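One structure is given here, and the rest of the page talks about it.
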Amino acid sequence: MAHASIGVGMIGCGTVGGGVAQLLREQADVYTRRLGAPLELRKVLVRDAMKARAAGLVPAALLTDEPRNFFGTHDMPIVVEVAGGRGPVSRHVAQCLEMGKHVVTANKLLLAEEGPEMFALARRHGASIAFDASCGGAVPIVTALQFGLMSNRIDALFGILNGTCNYILTQMTQHGKPYAAALAEAQAQGFAEADPALDVSGKDAAQKLAVLASLAFGVRARGEQVWCEGIDTLDLADIRFGAELGYEIKLLAIAQRATDGRVSLRVHPSFVHADLPLAQVHGAFNAISVYGHAAGHVMLYGRGAGRLPTASAVVSDLINVASGWYPVAFSRLRLWCDYHQPVQLIDPGDLVSRFYVRVNAKDVPGVMAKITTIFGDAGISLSAVLQHEAAVGQFVPVVITTHQAREGAIRGALKKVEQLDVIQGTPVCIRVVDMPQG
Ligand code: NAP
Ligand code: HSE
């Protein structure tokens, strides 16, 4: 017996939306067999229907730029939101939820800043929100944290969560491409956000980390609460010195829970030892290492951005929602941040890490002693010093790595180092990140 089709609406039809439409069209038979009923795209809301018609990603008759037309479409119980951003898109999502429509979204910004309100709104109206595509592209990290690892107390999460940044860093380190050219390639391949500053500043990864940490630790974390440094200020010289010392540079997103329940949330360029699995993650791939008290170390790896990888996650969510099991889980389990208390953050100055420091020092007798005395007085123990030969009296880069030290102590010491008359410019400081033993 043929089952009635399940109507799907979509807001946005760009890189990801085009991929969703393509999968629904090309894999229709497979999805119908798996679900027991066909999924049918009934209406697509865009900002500019003329432009979307010209792009030809969905049949012209489905497109509208009139929200009233979209929301007036009957038999459309599920809406996929792949427009991105907040403002009008938040209002569209809220309207869907108020109408009792289930929402499948790839929008980490919306979730990171308005997640608790949106989840609560969904619950009040018997709707649900599925969001695997919001973090990690094709990598099912959201599903893993929600369901596969539900039995664990999660202690830490280390991730490469931004495909654009990882692509740029790979192009710079392995192919010697300039930063701007690598970014332009990432944009051309559909990895970057509409505003790529969100990627390179680390904010996109910070939003994803807030979403994942909320799930992992059972807290309410917002993107703006994540300590965030991007790759836009990195100097190629440091990437090269790091390589000499055996490290790869990665933009890491790190969430760790202390025994008192406080949490550290940070995104920053990090040196990772070249032998570690995260150092082997290249191009637009993402990887996330999760540490559960029972599972130990679990690592997920895959394409973190791009049309079909992201559409893969969206359509999987869509099928889960359409089957009815996800909305039931959403209504019964208490996994989502509308149930949780605001996160209690650890002061970034109290974080303990190893550090890479580069200063431009005058090559004259006694310089090293001055620098190492400042570190010694701050209780910071050095693990390596690297300096290439230079003409006497010239300024030369001096690279120092430390053993474990408090971030606050390092910052204080570097302020003093910067004031030395034998130092030129501002010292560079990059964290060297070691993974827990899982
Ligand atoms: P995109 O290529 O820029 O497409 C966005 C689409 O949404 C465009 O069709 C745009 O129309 C439309 N749109 C924007 N604002 C709208 C509004 N207020 N009402 C209706 N339509 C609107 O973006 P994308 O790369 O597909 O990303 C979409 C979402 O997926 C974002 O949340 C992004 O963070 C997320 N995501 C993207 C990737 C990726 O690899 N690209 C991966 C994971 C998650 P116009 O063209 O007329 O502006
Ligand atoms: N701009 C994002 C990235 C898309 O590069 O990772 C995937 O969320």
Within the range 335-350, take every residue that is in contact with a Phe, Trp or Tyr (Cβ under 6 Å, 6 or more places away or on another chain) and at pLDDT 95 or above and give me the one that is surrounded by the most Cβ atoms within 10 Å (Cβ to Cβ). Trp336
Within the range 384-408, track down each residue that is at pLDDT 95 or above, surrounded by fewer than 18 Cβ atoms within 10 Å (Cβ to Cβ) and small (Gly, Ala, Ser). Gly408
The listed residue being outside any helix (DSSP H, G or I) and away from ligand 2 (no atom under 16 Å from the Cβ), out of Val267, Val321, Val328, Val298: Val298
Quick check on the range 158-178: of everything there that is away from ligand 2 (no atom under 15 Å from the Cβ) and over 15 Å from the mean Cα position of the chain (by Cα), which residue is surrounded by the most Cβ atoms within 10 Å (Cβ to Cβ)? Met172
In the set Val80, Val20, the lone residue that is within 29 Å of Lys208 (Cβ to Cβ), in contact with a Ser or Thr (Cβ under 9 Å, 6 or more places away or on another chain) and assigned to a helix (DSSP H, G or I) is Val20
Test Ser381 against the criterion of being over 30 Å from Val79 (Cβ atoms), buried (at least 17 other Cβ atoms within 10 Å of the Cβ) and of a type in the set (Ser, Thr, Tyr), and give yes or no. no
Members of the range 17-71 that are farther than 21 Å from Ala311 by Cα, exposed (fewer than 15 other Cβ atoms within 10 Å of the Cβ) and either in contact (Cβ under 8 Å) with a residue 40 or more places away in the chain or polar (S, T, N, Q) (or both): Asn69
Can you name the residue in the range 83-106 that is in contact with a His (Cβ under 7 Å, 6 or more places away or on another chain) and not in a loop (DSSP other than H, G, I, E, B) and is also farthest from ligand 2 (Cβ to nearest atom) among such residues? Glu98
Those residues of the range 298-316 which are buried (at least 21 other Cβ atoms within 10 Å of the Cβ) and away from ligand 1 (no atom under 12 Å from the Cβ) amount to Val315
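The values are calculated or read from the model by the stated rules, or taken from the named source; none is laboratory data. Predicted model only: the values in this text are computed from it and were never measured. When we count neighbours, we look across all protein chains shown, and the Cβ atoms used for this are built from the backbone with ideal geometry, even at glycine.
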